[in-house]
1. Filter segment B:333-346 down to residues that are at pLDDT 90 or above and more than 14 Å from chain A (Cβ to nearest Cβ) and give me whichever is nearest to residue B:273 (Cα to Cα).
2. Any idea how many residues of segment A:1-35 are at pLDDT 90 or above and at positive phi?
3. For residue B:167, all conditions in the list (1) surrounded by 12 or more Cβ atoms within 10 Å (Cβ to Cβ); (2) farther than 27 Å from residue B:242 by Cα hold save one; what is the number of the exception?
4. Being part of a helix (DSSP H, G or I) and at the interface with another protein chain (Cβ under 10 Å from one of its Cβ atoms): is that true of residue A:130 here?
5. Could you pull out the residue among B:230, B:185 that is farther than 30 Å from residue A:140 by Cβ, in a helix (DSSP H, G or I) and free of Cβ contacts under 8 Å to residues at least 12 places away in the same chain?
6. Just one of (1) buried (at least 20 other Cβ atoms within 10 Å of the Cβ); (2) more than 10 Å from chain B (Cβ to nearest Cβ); (3) in contact (Cβ under 8 Å) with a residue 40 or more places away in the chain; (4) not in a loop (DSSP other than H, G, I, E, B) trips up residue A:159, so point out which.
7. If only one of A:207, A:234 is at pLDDT 85 or above, in contact with a strand residue (DSSP E or B) (Cβ under 9 Å, 6 or more places away or on another chain) and more than 23 Å from residue A:165 (Cβ to Cβ), which one is it?
8. Do we find that residue A:49 is modelled with pLDDT of 85 or more, within 18 Å of the chain's Cα centre (by Cα) and in a helix (DSSP H, G or I) in this structure?
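The values are calculated or read from the model by the stated rules, or taken from the named source; none is laboratory data. Since this is a predicted model, take the numbers as computed values, not measurements. Backbone-built Cβ (ideal geometry, glycine too); neighbour counts: all protein chains shown.
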């Protein structure tokens, strides 16, 4: 079993590198939330970002999604250096983020939520049929099953809501999708549905980053596991070649290289 | 995909309707049931209650406060409150009367300028709420007192200004549709409703979207026609359909269409449902909030003008006493959620119908005002209880 060497590229990866973050540092006062962290996202690959609480996972996602700006470090998108100063910059590049709270309006139906803030309209009249057609096509292509897409989101299950939030992230035709804890608080069957959806994102050629606490989910869905520990790189593994013990060891910092 | 296997929109089964109630979407069902109970109870206790004359009076009483309640529905959709609508309605009525009677402006211009003044008042409320971050409760509580003060100042020592009885403003409340015109309106409204639903169905078929069976569209149009025909038949038994009722009804329908089919309407629901999600989706939450307060104040002003027209005068109690409370209670009783994002303008219509018929029925029975207040309070408490219970039943709605 290969021990986790910080920032070591995993071998055998094909596909184009869509996004790479190099030497990212972010301090909050005396606390170094991120300390020289590297990350590489490849088209058609699911990367799981794991680490203990306070390891810097959320901070790193916020840096890439433009919610915060790092103190130092570079981000390359499609090989070119880019500056992501605010969420809008990330969206314009093609980086979509699904936050843990999903940001859905529970009183609105699935169609309205998918197109929230980006409604198809003419003279400020909504073009309901176009939006409903596009919604049905998108959900069908992702194999998301919802009986009545005209019912308020409040009536959907947790897994369906997560699926709606993820589907919405795809409307702008992004190249990178960041998912923050997509399976937290979901039951077994719903977790399986959402993980299936994550695989379909990969099959579409998207670069997917999943933050997760659940190592079983991580092993089930990811191609690569990136570990953060106390704001530093603590390992970059190919999921298929790595045991759960090795990942746990990297997360906790134990010298138990299995 | 399951949604595509059948070409029909799934019809809600009885079990599903019950589930929708438990799931937090009670809709208009409790109100319609309540109206039926009111009609049966008061109708059996007093022969006069269901008479054409009394129902016509009811229709006349509804329009002004109902229009104010429409504005309340809009701010409630945001999860906010506007306590100033009563004062603003009175102020707008006074401004219109001063321009019309004292300045001698044409009636139409006086009405437009007064509505503009109401819109400015709403703009001020909206700016204080959004830019200064003051709670809407406090902003509009200040408005409640302040605009009442301005009303008294404008009225000066006179206290009362009469509108000329034969003037066009007063005429609005004394205009009745001739029978042929009211029946033509029933036919036109029904035909428009059926036609647009059939056109929509054809467009959905072309876009390969699931559709409702034609029979159901026809049944719905027939139900609408039956309700409208019943109203027209009853009102024609007395003086005819009052113009103010037509104005109020048209405002309800137009506002409902605007809320459901325009960008700002959709965004009002979005901000009311989850302001943070709306903000992240790029919607200007501030602008939507200001728009809602402007709309609420303008509709309150329109209600005030209707009230002035009905009374043929404005005085120091215009827009005062319990108008504010009735308007808010009507919006809530009609099914608008106090917690934002849920409700339709029809709530104002249904709610004011419930409140006015309860009040009217008890007046006919010579019930003491002490009892009337307590009964009205009980109806309001019941409506809010239904709203709160439904909200708790919604997933994640326990806050």
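1. The qualifying residue nearest to residue B:273 (Cα to Cα) is B:345.
2. Residues meeting the conditions: 1.
3. Every listed condition holds for residue B:167 apart from (2).
4. Details: part of a helix (DSSP H, G or I): yes; at the interface with another protein chain (Cβ under 10 Å from one of its Cβ atoms): yes.
Here the answer is yes, as residue A:130 does meet what is asked.
5. Values: B:185 fails: free of Cβ contacts under 8 Å to residues at least 12 places away in the same chain.
Exactly one residue qualifies, and that residue is B:230.
6. (3)
7. Details: A:207 fails: more than 23 Å from residue A:165 (Cβ to Cβ).
Exactly one of A:207, A:234 is at pLDDT 85 or above, in contact with a strand residue (DSSP E or B) (Cβ under 9 Å, 6 or more places away or on another chain) and more than 23 Å from residue A:165 (Cβ to Cβ), namely A:234.
8. no
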